Amino acid sequence: MRMPGTEGREPRSQFFRANVGVVVLNVEGEVLALEREGYAGSWQLPQGGLEVGEEPADAARRELGEETGLRWDQLQLLGEYPEWLAYELDEDMRGPDTGRGRVQIWFYVRLVDPAAGIDVRCAPSCMASGSAGPSSRIDHTGSPGAW
């Protein structure tokens, strides 16, 4: 049964999509941030949704590889945030695929392979460039693989 006044409209979904995020530190303690393609000046940490049947740690490995080219064996796992964090999307950003918002679990890793580099070309549809800086700021822009 539809609510009165919603005839002919698709109902807004109320689910929160499961998501993971990864905070990546290099040996200098700089945090990797990726500039979003098509959103100049909008930066984010590597993150993405869980696939059906996928566990959060597996999703973190996959997303990090897709967005940076890094492999889990090039990193040291420093920790995992002990709780799921939730946030709502603005109403105009909600839809059948996005839901009402996200619930995220976060992983904290350190790059330990000195030969490893970040390649933001792994995810050209969403990332334009990479940058690293102390956790309080982002202080330089790196070219693909330069971080």
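The values are calculated or read from the model by the stated rules, or taken from the named source; none is laboratory data. Here the structure is a predicted model, which is why all the values come from computation and not from measurement. Heads up, the Cβs are rebuilt from the backbone with ideal geometry, glycines too, and the neighbour counts pull from every protein chain shown.
The table below gives the values:
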item: Odd one out for Y39, checked against (1) without any contact (Cβ under 8 Å) to a residue 40 or more places away in the chain; (2) loosely packed, with under 12 Cβ neighbours inside 10 Å; (3) closer than 18 Å to R17 by Cα; result: (3)
item: Residue among V103, V120, V112 that is modelled with pLDDT under 90, surrounded by 11 or more Cβ atoms within 10 Å (Cβ to Cβ) and of a type in the set (V, I, T); result: V120
item: Within region 84-101, tally of residues that are of a type outside the set (S, T, N, Q), within 17 Å of the chain's Cα centre (by Cα) and part of a loop (DSSP other than H, G, I, E, B); result: 3
item: Residue count, region 67-85 (criterion: farther than 18 Å from D113 by Cβ and surrounded by 12 or more Cβ atoms within 10 Å (Cβ to Cβ)); result: 4
